[in-house]
1. Taking the alpha-carbon distance from Lys49 and a cut-off under 17 Å, which lysines remain once sequence neighbours fewer than 8 residues away in the same chain are dropped?
2. 5 Å is the cut-off here: which amide hydrogens, built 1.01 Å from N in the peptide plane, fall below it relative to Asp51, excluding neighbours closer than 5 in sequence?
3. If I stretch the segment between Ala7 and Ser61 completely, what's the gain in nm (0.36 nm per residue apart, minus their alpha carbon distance), one decimal?
4. Each residue of segment 16-23 in order: what ³J(HN,Hα) in whole Hz does its phi give by Karplus 6.51 cos²θ - 1.76 cosθ + 1.60, θ = phi - 60°, with x for Gly and Pro?
Amino acid sequence: MSTQEKARALMMRHYQLIKNRQQSMLERTGKEVGLSGEVSNYWNPIQGKIDPIARITYDRSSAAMS
């Protein structure tokens, strides 16, 4: 793989991780509130870009486990 292909694969993986975290949190919250499971299917990127607030909220934490 070229450097450009590796960078693209890394960005796509990061995008998927954020999406999965957001959907998991929505599903858990929906279950607690009593909503149907379809709430976890919500995903609203604009032109393939993740909302900056969602990126901050669902991105990896800088905290480390000890």
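1. Lys49 reaches Lys19.
2. Here Ile46 satisfy the definition.
3. Length gained between Ala7 and Ser61: 17.3 nm.
4. Karplus values, whole Hz, x for Gly and Pro: 5, 4, 5, 4, 5, 4, 4, 5.
Where a number appears in this text, it was derived from the coordinates with a stated rule and is not lab data. If you're wondering where the values come from, they're calculated on a predicted model, not measured in any experiment.
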